[in-house]
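Have a look at the structure below, then the notes.
The values are calculated or read from the model by the stated rules, or taken from the named source; none is laboratory data. Just so it is clear, the structure is predicted and the values come from calculations on it, not from any experiment. Because the Cβ atoms are built from the backbone with ideal geometry, glycine has one as well, and the counts that use them run over all protein chains shown. For accessibility, only protein heavy atoms count, side chains too; no ligands or nucleic acids. Shrake-Rupley method; radii C 1.70, N 1.55, O 1.52, S 1.80 Å.
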Amino acid sequence: MFDFMMEFVWILIYTLRDVLPIIALIVFFQWFVLKQPIPHLKKVVLGGVYVVLGLALFLMGLEKALFPLGKIMATQLSDPAFIEASGNALTDWKSYYWIYIFAALIGFSTTIAEPSLIAVAIKAGEVSAGTISPWGLRITVAIGVAFALALGTFRIVTGTPLFIYIMIGYMVVIVQTIFAPKRLIALAYDSGGVTTSTVTVPLVAALGLGLSTAVPGRNPAVDGFGLIAFASLFPIITVLGYAQFMSLKNKVLKIKMEKDAV
């Protein structure tokens with residue numbers, strides 16, 4: 001228990017050290033540039049304390065739970081004994097289907113719970129006066145991340161170059177951007193960015209490193225990274241695709257209504 005408390009104290013000190021430059025910057029601009037007192041100072045100080053404590057607890061949670069969990073799951077699902085017990089060969093990419101399923105499900109569930117995405121979805125719903133459903137956006141993005149992680153783990157298992165997937169993916173995004181409704185393009189790009197945040201990144205990073213360590217012939221330094229790039233790219237594709245689908249659907253309904261009116 002004492003070791004646990006000492007570890008938390010050190011993490012708290014390191015977190016405070018990292019946050020101090022941000023605090024100093026805000027105070028400098030507020031006092032010396034804007035020349036205004038900090039509004040609601042007590043609430044700001046209390047909020048700052050909560051932020052530091054929350055970050056320290058989160059970082060400790062990463063080390064104690066999320067990173068080990070992702071690595072353990074990847075190691076167990078790609079364990080030679082587990083794969084060979086099913087009558088599959090270690091060198092066959094089809095033998096790792098449980099890894100693909102797990103990666104897709106963990107990508108979907110962590111994205112649904114991602115605080116950054118929730119915040120963006122709520123604001124998108126407010127700005128669009130309800131035409132953009134927060135839950136619809138979250139599910140669309142989560143589907144993109146699920147597909148991305150399944151494809152990313154397939155890349156790790158097969159050892160194919162990362163740049164091929166990224167190049168093709170962004171070519172698809174460019175084509176979609178040309179034809180997608182303009183008012184949703186920026187939201188789609190932001191949706192790709194907010195998926196790689198506090199909940200998703202630790203598990204995804206641990207999953208990639210654990211899988212590349214367990215699969216024969218893979219190098220964690222070369223093959224273990226890249227899943228986060230997939231998780232950023234494919235939600236853009238799914239949101240743009242959803243926007244294009246809804247736009248096409250509305251056009252068809254409009255044409256149908258005009259025909260019925262005639």
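Structure notes:
- Some residue of the range 31-52 being in contact (Cβ under 8 Å) with a residue 60 or more places away in the chain, surrounded by 15 or more Cβ atoms within 10 Å (Cβ to Cβ) and either small (G, A, S) or closer than 30 Å to G136 by Cβ (or both): no
- Which listed residue is closer than 20 Å to Y242 by Cα, in contact with a helix residue (DSSP H, G or I) (Cβ under 6 Å, 6 or more places away or on another chain), modelled with pLDDT of 90 or more and open to solvent by 30 Å² or more (accessible area, probe 1.4 Å), from I139, I143, I174, I122: I143
- Pairing each residue of the range 146-170 that is surrounded by fewer than 20 Cβ atoms within 10 Å (Cβ to Cβ) with any residue that is of a type outside the set (A, V, I, L, M, F, W, C), provided the two are 6+ apart or on different chains, yields C-beta distances under 6 Å for L162/G226.
- Selected residue [over 24 Å from L209 (Cα atoms) and in a helix (DSSP H, G or I)] from F4, F58, F67: F4
Okay, residues lined up against (1) surrounded by 14 or more Cβ atoms within 10 Å (Cβ to Cβ); (2) at pLDDT below 80; (3) of a type in the set (G, A, S); (4) within 30 Å of G192 (Cβ to Cβ):
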position: D3; (1), (2), (3), (4): no, yes, no, no
position: L12; (1), (2), (3), (4): yes, no, no, no
position: I22; (1), (2), (3), (4): no, no, no, yes
position: V27; (1), (2), (3), (4): no, no, no, no
position: L59; (1), (2), (3), (4): yes, no, no, yes
position: I72; (1), (2), (3), (4): no, no, no, yes
position: F82; (1), (2), (3), (4): yes, yes, no, no
position: Y97; (1), (2), (3), (4): yes, no, no, yes
position: I112; (1), (2), (3), (4): yes, no, no, yes
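- Residue pairs meeting the criteria (Cβ under 8 Å; at least 6 apart or on separate chains; first acidic (D, E), in the range 178-191; second assigned to a helix (DSSP H, G or I) and open to solvent by less than 70 Å² (accessible area, probe 1.4 Å)): D190/V120
- When the range 209-231 is limited to residues that are among the small types (G, A, S) and crowded, with 18+ Cβ neighbours inside 10 Å, the one that is farthest from T110 (Cα to Cα) turns out to be A214.
- Criterion: modelled with pLDDT under 90 and farther than 28 Å from Q76 by Cα - qualifying residue of S197, S191: S191
- Qualifying positions in the range 194-205 - open to solvent by 10 Å² or more (accessible area, probe 1.4 Å) and touching a residue at least 40 places away in the same chain (Cβ under 8 Å): V194, S197, T198, V199, L203, A205
- A residue that is among the β-branched types (V, I, T), over 18 Å from F234 (Cα atoms) and assigned to a helix (DSSP H, G or I) occurs nowhere in the range 176-185.
- Hits in the range 211-244 - residues which are modelled with pLDDT under 85, part of a helix (DSSP H, G or I) and not aliphatic (A, V, I, L, M): T213
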